[in-house]
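Every number here is computed from the coordinates shown, using simple stated rules; none is lab data. A quick note: this is a predicted structure, and the numbers were derived from the prediction, not measured.
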Amino acid sequence: METFYLTRKQMAGLLMSLAGKTDRTPLATLQEAWAKSHRFDMEHGKTLGAFVSTSLPPIFEKLIKMKSTGEGFSLTDIVALGNQIEYAQYSVTSVQNWVKRDFKSLIPSPRLGKKYSIDQTAVLFIIDDLKATLDFESIRKLLMLVFNHPDDDAYDVVSPLRLYAAYSSIFEELDQNNDQVLDLSGHDSGLRNHDHMLEHLIKQKADEYAGAVEGLSDGQKKLLSHTIFIAMVSVQTSYFQSLAKRYLNATLFLQDLV
């Protein structure tokens, strides 16, 4: 059975639809994501067979029955949803530690009774991305600057969901061939490395996005741009970490077998 994963951009779109911030339903958003990776099957009349061979996770079954939700998510829901993101791995224990101890200042309590809001869900997804490159203390300091008052989104430089959607969209824009590695053109064979080119490209896109956000001071725009830059580098790093773990697991499992 094929597993149904979402890119971060697609997950952001799903959260947007659940929050009622788009005119698309959660079902339509998931349909679009699935169709994008099964175009060949659909063009050759194999749509039903392709979908039947896809394992639809219970959390998606739950979401496609909703048009939008104001009910929020339990931590179990959030973990289940997070585990459908490409190259991400969540556990209930880890996320419980985040909300009860490590990031209590960012997520002080569930906003919707015993459940967490969609923006709080986005914060947890952002934390998971950032931990690929930053320690917990650095993540706290950075996000407390962006989300000034975790209990009131009105004071945020940008909302958690909007931030998540921003760096996810820019990452996919710079990964046109969908190989999970940011595309870079214009290499000079005479140079020893091209680190500065990738840095400049990411920074340019982050600056463009932040510069277009209305109502922010110059300092806030710089903060937003830097945060997007860090998040994008973190997403790229998470892919390589996942790749290394897969090869390690293969090495350990296949020892003396092949």
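A few notes on this one:
- Pairs beyond 31 Å (Cα-Cα), from Lys21/Lys222; Lys131/Lys221; Lys9/Lys114; Lys46/Lys205: Lys46/Lys205
- The candidate values are (1) 38, 17, 17; (2) 28, 26, 20; (3) 26, 22, 20; the one derived from this structure for semi-axes √(5λ) of the Cα gyration tensor in Å carries the label (2).
- Annotation: amide H of Arg111 within the under-5 Å range of Ser117, sequence separation 5 or more or interchain, hydrogens built in the peptide plane.
- Mean Cα-pair separation over length for the range 1-120, i.e. relative contact order, pairs under 8 Å, 6 or more apart, %: 30 percent
- For Gly72, distant residues with modelled amide H under 5 Å away: none
- Based on DSSP H segments of at least four residues, each scored -39500 (n - 2.57), the chain has a per-residue ellipticity at 222 nm of -17500 deg cm²/dmol.
- Residues whose amide H falls under 5 Å from that of Asp175, counting only those 5 or more places apart or on a different chain, are Asp183, with hydrogens built in the peptide plane.
- The Cα center of the range 206-258 and the Cα center of the range 20-81 differ in position by 24 Å.
- Percent RCO, i.e. relative contact order, over the chain, from Cα pairs under 8 Å lying at least 6 residues apart: 18 percent
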